[in-house]
Amino acid sequence: MSKVPIVREFMVTNLVTLRPDMPIREAIDVLLKNRISGAPVVDPSGTLIGMLSEKDCLRVFANAAFHRSDPGDVEDYMTREICSIEPEADLFRAADLFLRHSFRRMPVMENGKLIGQISRRDVLNASRRIVETPPIPKPFTDAKYLTDEVKAALADKPAKES
């Protein structure tokens, strides 16, 4: 049985973070400059209090076009309900959360502290590396988040020959 890959192995630790009191226009500039689609929002003590995504920022466009006023700060647009993941969680757990929710990135929390972030793209890159690295690993039957139903469905599908 192959070792199930975990979040810690593929997460990003060099994070761009935003402040809740940052003008939203400045935050959008940060996202664009860094070519990222979202970022964690932290308070002055570094505690995670929200996430700001491109989708959240689209509301800025709509509000500014309609109200013709100052669009406000990050805290006016950020998502406050945060789904996070632990660094030792396996990538199947991360994939499951991404499949069940519309967000594209998740903060990685350890002992209540933000230590990184994992994105859909990170999970996709990990899956590609796993498949392309010879020898092809044995099935990850020890993954905690593969239900018996999923394992049975996968067992019924024959593997493709190379």
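The values are calculated or read from the model by the stated rules, or taken from the named source; none is laboratory data. Note that the coordinates shown come from a computational prediction; the quantities given were computed from them, not determined experimentally. All Cβ positions, glycine included, derive from the backbone under ideal geometry; neighbour counts span all protein chains shown.
Tally up the residues in region 3-26 that are in a loop (DSSP other than H, G, I, E, B) and surrounded by 14 or more Cβ atoms within 10 Å (Cβ to Cβ), please. If you could, list the steps in order and put the result at the bottom.
Here is the first cut: in region 3-26, the residues in a loop (DSSP other than H, G, I, E, B) are 3-5, 10-11, 13-17, 19-22.
Restricting the remaining residues to those that are surrounded by 14 or more Cβ atoms within 10 Å (Cβ to Cβ) gives 4-5, 10-11, 15-17, 19-20, 22.
The total comes to 10.
Of everything listed in (1) at pLDDT 95 or above; (2) among the hydrophobic types (A, V, I, L, M, F, W, C); (3) within 20 Å of residue 102 (Cβ to Cβ), the single unmet condition for residue 82 is (1). Any residue in region 54-73 that is closer than 13 Å to residue 12 by Cβ, without any contact (Cβ under 8 Å) to a residue 60 or more places away in the chain and surrounded by fewer than 18 Cβ atoms within 10 Å (Cβ to Cβ)? No - not one qualifying residue is present in region 54-73. Could you give me the residue pairs with C-beta distances under 8 Å whose first residue belongs to region 6-17 and is over 11 Å from residue 118 (Cβ atoms), whose second residue is at pLDDT below 95 and in a loop (DSSP other than H, G, I, E, B) wherever it lies, and which are 6+ apart or on separate chains? Final answer for the pair search is 16/36.
Listed conditions (1) farther than 22 Å from residue 110 by Cα; (2) in contact (Cβ under 8 Å) with a residue 12 or more places away in the chain; (3) not aliphatic (A, V, I, L, M) are all met by residue 33, apart from (2). Among the residues of region 115-125, those identified as buried (at least 16 other Cβ atoms within 10 Å of the Cβ), part of a helix (DSSP H, G or I) and touching a residue at least 40 places away in the same chain (Cβ under 8 Å) are 122, 123.
Say we look at region 74-103 and pick out the residues that are among the basic types (Lys, Arg) and surrounded by fewer than 16 Cβ atoms within 10 Å (Cβ to Cβ); which of these is farthest from the chain's Cα centre (by Cα)?
Filtering region 74-103 down to residues among the basic types (Lys, Arg) leaves 80, 93, 100.
Subsequent filtering for residues that are surrounded by fewer than 16 Cβ atoms within 10 Å (Cβ to Cβ) retains 80, 100.
On the way: 80: 15, 100: 12 Å.
Here the answer is 80.
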